[in-house]
Amino acid sequence: MIAAAYSAKDRKRWDTFVRNSRNGTLLFDRAYMEYHAERFVDASLIIDEADATLALLPASRHGNTIRSHGGLTYGGFITDGRMRVEKMLRTFDAALAFYASAGITRLEYKAIPHIYHRAPAEEDAYALFRRGAQLLKREPSAALHLIDTGLPGKKRNGAARAAQLGLRFEQVSTADVLMTLINMNLQLRHGVSAVHSAAEMNRLRAAFPRSIEIFHVSDGDGHLVGGAIVYVAGTVAHTQYLVASEAGRASRAMDFLIHALATRYRERCHWLEFGISTEAGGQVLNEGLMSQKEEFGARCVCYDTYLIDL
């Protein structure tokens, strides 16, 4: 078992492995990971066994700490069907030894939530336990199971009312107008701006046109009243951004939008996922936000981060 630092010459091998893995998603494509490369010191690893790639670990260095990855929502070991529990124990040992030799004292490991697994891939959960990892953060998200769960009747009725009022749902090719609405909403409610700029979202959407999709909800006069930016990642359609204006809320635009997204992705994905609803590393639950998601039939999926002291 050999752990080696990722370098640019490994890009094709990395991306091919991600596409063929059990739990790799859009976020781990090097083009996505590197769109904001200037913000992070890459510390990703490739684990090889018998001249074949066994696992990848997307990671960044922050002083004496490794995070997997500082710029991604999640980022544990990416594996294919050859991984076994005993091999994962040795994979962790190889990675920890590599980082320790570079002066690293902490590993913050963001496990990939199970809904992103195309096949069972939780060997890392056992290895974390065996290597004495501590749960550092647990952040609840909410996901709607698209296969056998429809929207509750109240939400379906709200979507029907919105349609009667003339609301329209359409896919668009650029994020500029929607990001303006998103930032206005974030500033008004939380005093913050979106993680991505409109220019960044446009670059990402151009690079991944089948995996990043942008939608508008407009009223009968053509005014934007809501919208979404969706990442299609394996079995999950993840709403990276989801917004309704004040006028949109009055016309049930969110009910209309979620119904349209659930209908659109039911054939492609198992889950429609809405993101975390906590602050302070999971210690503070935004009960109102979580309740809104649960009213659509979504239920809790946890994003866990573990700490290993090297």
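No lab work stands behind these numbers, since they all come straight from the coordinates. Everything numeric in this text was worked out from a predicted model, so none of it was measured.
For the reader, a short list of remarks on this structure follows.
- The range 176-248 shape via C-alpha gyration tensor axes, a/c threshold 1.5: prolate
- Taking the empirical scaling 2.2 N^0.38 Å for compact globular proteins as reference, the range 143-303 has a Cα radius of gyration ratio of 0.99.
- Unsatisfied cross-links (Cα-Cα over 27 Å) in the set 12/137; 110/154; 110/155; 9/137; 12/87: 12/137; 110/154; 110/155; 9/137
- In the chain, helices alone account for a calculated mean residue ellipticity at 222 nm of -9500 deg cm²/dmol, with every DSSP H run of four or more residues adding -39,500 (n - 2.57).
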